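Data first, discussion second: the structure below is written as structure tokens.
The values are calculated or read from the model by the stated rules, or taken from the named source; none is laboratory data. Remember, predicted model here, so these are calculated numbers, not experimental data. Positions of Cβ are generated from backbone atoms using ideal geometry, with glycine treated the same way; all protein chains shown enter the neighbour counts.
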Amino acid sequence: MGQTLVEKILSQHLADGTLVTGEQIGIRIDQTLTQDATGTTSYLLYESMGGGRVKTDLSVSYVDHNMAGFGPENHNDHLYLQTVAAKSGVYHSRAGNGICHQVHLERFGKPGATLLGSDSHTPTGGGIGMLAIGAGGLDVAVAMAGGPFYLKCPKVLGVKLTGELNDWVAAKDVILKLLSILSTKGNVGWVVEYCGDGVERLSVPQRATITNMGAELGVTTSIFPSDEQTRTFLAAQKRENDYQPLAADSDAEYDRVIEIDLNELEPLAACPSSPDNIKSIREIGGLETRQVVIGSCTNSSYTDLMMVAKVLKGRRVNEMVEFAIAPGSREVLNMLAENGALADMITAGARVLESGCGPCIGQGFSPANGVVSLRTFNRNFAGRSGTKGDQVYLVSPETAVASALTGKITDPRDLPGVTFPKIKMPNKFVINDNMIEPPLDDAETAKIEILRGPTIVVPEAPKPLPEKLAGHVLLKCGDKITTDHIMPAGTFLKLRSNVPEYAKVVFNCFNEEGKPTFAGRALALKSKGVAGVIIAGESYGQGSSREHAALCPMYLGVQVVIAKSIERIHKANLINFCIVPFEFADPADYDKIERDDELRIDGLLEAVKSSDTVKIAKTDGSFEFVGKLALSDRDREILLSAGLLNYTRKKVSE
């Protein structure tokens, strides 16, 4: 039996274990990326484990999230990242050079390579045939130090694409269709591999849109084959030497196959407030919109924005719409400026935002109260835009530009007097890498002084697990709690390098005015030696890879999470920071526990050592239930070592 593309790349990079579905494996990592919102913590932890020069083939530190600079925190981070990259043999992409995923696709991605990134949308690299996986910053630090990345050997979902996209139907509609089928939960332990004759008619930027937003499925990653489209893209980037053809064997068998006929797709939208709340534009057409934004790592490529410019040329954005574009990279922005497309968009009424993440993470351009905001982004979690009660719809650039012209959600196929502009990939991109600083040689590295501003604080180490745990339920939350719920982004992002400050806003969205905050209650219990416990429903921790959603609760004294199910990256982060992740053996037991209940786990340490279940009881004796521990041997060792950092130090010393 032949191999899938996923199996081929995994087998070539296998460092530990065997390729048996569901078993833990360790894979060698060729490349890593970090961004500034997660990078400072990642590099602080990397330094804590001994640092030195990175052992990967290539690592890149990007600055793309926190660039506005309200106060000194962001620039402090930038200077630290720039100098620690120089000290560590790492490429550094400066603020303004572009979004990490877009730039990495353009300048560094290689078919067949493994990429580990401290950002959940790292699977964008799958559009160029990489096995690209998002992870917590500590896992990335270990990979930079030469350690394998551990994961469960995944099941492979084959998504067979047939046919060809019709005019005004976009790559974004492909992934929205898949989200309508699979939803955002229940897909842990899978990788999506695209196949079928429809693949060859999708360009690399289109493929990258699809793999990027595959993160919202909750799968480990998504990947396309490397073919003539890949070679053409790399040649246009003057990187044809990085090309190699890669595909599944003709007799490869997938664990499941879903077929999508591209001919039958229509423009779709993810409605408030989840990426899997999918409706057709036909269904919601006519809703007034007051804001439209085109950009983010999902839809900010040259071809996306050239299509927008062609539609806008000679026209004017509706007077009641605030319209903005954010090119994904400086390369894209330069090309739009040189060929006049940027002027066409500005003349039509577009505001030009910086080449960065910006509004996607609540960093400006928040919508007004009670208005519909159309965005070409990948997430529309409630409040993520920076506006409480927001009404954010995720759409393709085609739908977005049509709606910007009419002032209401508009099916682009119904846009009067506009012919669909077919945009061809350029034969060559205008390349200028002068804002990417390459690694220095050893002599120059020795001269580097790492700059550490006062807002950069080394994170506190986890405490060892107790033999038995006395815990207090600090919070009971429902299904699909995201890392945005746990650790808010927006204006709070600048605090990420200072855990004691950032921890003050843990679960900020659940705090009630005039009442003690989650952080305040947790710290009060911590001072008394009582552990914090979080109770949650399905798909706890979905969304971003931000390890602060584990690191900050750990700082506050949280030692246990009990949920119906926990998403992959977040579960790994909990283990890395010595928070024990339990799942309810009987999901109905969730209903029998409330906030402020006192719980005890008499055999916690023994259970972590060797058991798959443990009894958890209310201290008043009124109720007892069973918690499941789905842990690998390595997970257990990490928890028993008081976290991944201590575990890694121990392994190095051995």
Open item on the list: Quick check on my filter: what residues within region 313-364 are among the β-branched types (Val, Ile, Thr) and out of contact with any Ser or Thr (no Cβ under 9 Å at 6 or more places or on another chain)?
Closed with: Val317, Ile346, Thr347, Val352
Task: Where Asp251 falls short, out of the listed (1) under 23 Å from the mean Cα position of the chain (by Cα); (2) farther than 26 Å from Val430 by Cβ - done: (1)
TODO: Take the residues in region 305-320 that are assigned to a loop (DSSP other than H, G, I, E, B) and of a type in the set (A, V, I, L, M), then tell me which one is surrounded by the fewest Cβ atoms within 10 Å (Cβ to Cβ).
DONE: Met320
Open item on the list: Out of the residues in region 266-284 meeting the condition of being part of a loop (DSSP other than H, G, I, E, B) and crowded, with 19+ Cβ neighbours inside 10 Å, tell me which one is farthest from the chain's Cα centre (by Cα).
Closed with: Pro267
Open item on the list: Condition (residue is part of a loop (DSSP other than H, G, I, E, B), of a type in the set (A, V, I, L, M, F, W, C), surrounded by 20 or more Cβ atoms within 10 Å (Cβ to Cβ) and at pLDDT 95 or above) applied to region 430-453: is it met by at least one residue?
Closed with: no
Open item on the list: With the structure loaded, tell me whether Arg94 is surrounded by fewer than 21 Cβ atoms within 10 Å (Cβ to Cβ), assigned by TED's automatic domain parsing to the domain that holds Ala141 and touching a Gly at 6+ places or on another chain (Cβ under 9 Å) or whether it fails that test.
Closed with: no
TODO: Check region 525-534 and report whether any residue there is on the phi > 0 side of the Ramachandran plot and not in a helix (DSSP H, G or I).
DONE: yes
Open item on the list: Any residue that is over 30 Å from Ala617 (Cα atoms), of a type in the set (A, V, I, L, M) and in contact with a strand residue (DSSP E or B) (Cβ under 9 Å, 6 or more places away or on another chain) - is there at least one of those in region 426-445?
Closed with: yes
- [ ] For Asp36, state whether it is closer than 21 Å to Ile99 by Cα, outside the structural domain of His548 (by TED's automatic domain parsing), buried (at least 18 other Cβ atoms within 10 Å of the Cβ) and touching a His at 6+ places or on another chain (Cβ under 9 Å).
- [x] yes
- [ ] Just one of (1) within 26 Å of Val395 (Cβ to Cβ); (2) at pLDDT 95 or above; (3) part of a loop (DSSP other than H, G, I, E, B) trips up Asp197, so point out which.
- [x] (1)
TODO: Answer with yes or no whether Thr376 is without any contact (Cβ under 8 Å) to a residue 60 or more places away in the chain and β-branched (Val, Ile, Thr).
DONE: no
Task: Elements of type helices (runs of 4 or more DSSP H) contained in region 12-125, each with 3 or more residues being closer than 14 Å to Ala143 by Cβ - done: 36-48
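This table checks each residue for (1) among the aliphatic types (A, V, I, L, M); (2) over 17 Å from Ala132 (Cα atoms).
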position: Val174; (1), (2): yes, yes
position: Leu179; (1), (2): yes, yes
position: Val188; (1), (2): yes, no
position: Glu216; (1), (2): no, no
position: Asp227; (1), (2): no, yes
position: Arg239; (1), (2): no, yes
TODO: May I ask you to list the residues in region 181-205 that are within 19 Å of Val219 (Cβ to Cβ) and of a type in the set (Ser, Thr, Tyr)?
DONE: Ser183, Thr184, Tyr194
Task: Hits in region 199-214 (condition: within 22 Å of Ala235 (Cα to Cα) and in contact with a strand residue (DSSP E or B) (Cβ under 8 Å, 6 or more places away or on another chain)) - done: Val199, Leu202, Arg207, Ile210, Thr211
